[in-house]
Amino acid sequence: MSYVPQGIHPRVFNKMIGDLRERGLWAERHSYSMRVMYQGRFVASLHFYPGYNLVEVRVYAESRELNEAIAREIEGVVARYLPGYNLEVKFLR
């Protein structure tokens, strides 16, 4: 068995950040993690695992309705730029 490292091109991350910003969510990235803000508050984090085709999304806004709306926006962006990746969404509030 051989191991072939996988990655996500930085341009893909940049496009995802731009798309999230157009949707009203401020996003910044560090390596394979992304933090998301809405109206000046941190509301979500994304953790990318390209070797497993997985994105773990942690959502922690003030209300259930806002959490669900943020998760839908994030799911739309991930589906657009990383087709074939699975999303694991965790609501922490």
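Heavy-atom accessible surface of segment 10-91, averaged per residue, reaches 58 Å², computed with a 1.4 Å probe. With a sphere of radius 12 Å drawn around the Cβ of Ala61, what net charge do the other residues whose Cβ falls strictly inside it have (Lys, Arg +1; Asp, Glu -1)? Summing Lys and Arg as +1 and Asp and Glu as -1 gives 0. Mind sorting out which of [x] 13.1; [y] 15.6; [z] 13.4 is the real Kirkwood radius over Cα pairs in Å computed from the coordinates? Only one option fits the structure, namely [z].
Across all directions, the shadow cast by the convex hull of segment 1-47 built on its C-alpha atoms averages 3.8 square nanometres.
As a fraction of the 1.4 Å probe accessible area of segment 10-91, surface on carbon and sulfur atoms comes out at 48 percent.
For segment 10-91, the relative contact order comes to 24 percent (Cα pairs under 8 Å, sequence separation of at least 6).
The long axis of helix 10-22 is offset from the longest Cα principal axis of the chain by roughly 20 degrees. Shown in residue order for segment 77-93 are the 3J(HN,Hα) couplings computed by the Karplus curve 6.51 cos²θ - 1.76 cosθ + 1.60 at θ = phi - 60°: 5, 4, 4, 6, 9, 10, x, x, 7, 8, 10, 10, 9, 10, 8, 9, 9 Hz (x for Gly and Pro).
The values are calculated or read from the model by the stated rules, or taken from the named source; none is laboratory data. Note that the coordinates shown come from a computational prediction; the quantities given were computed from them, not determined experimentally. Cβ atoms come from the backbone with ideal geometry, glycine included; neighbour counts cover every protein chain shown. Only protein heavy atoms, including side chains, enter the accessible area calculation; ligands, DNA and RNA are left aside. Shrake-Rupley method; radii C 1.70, N 1.55, O 1.52, S 1.80 Å.
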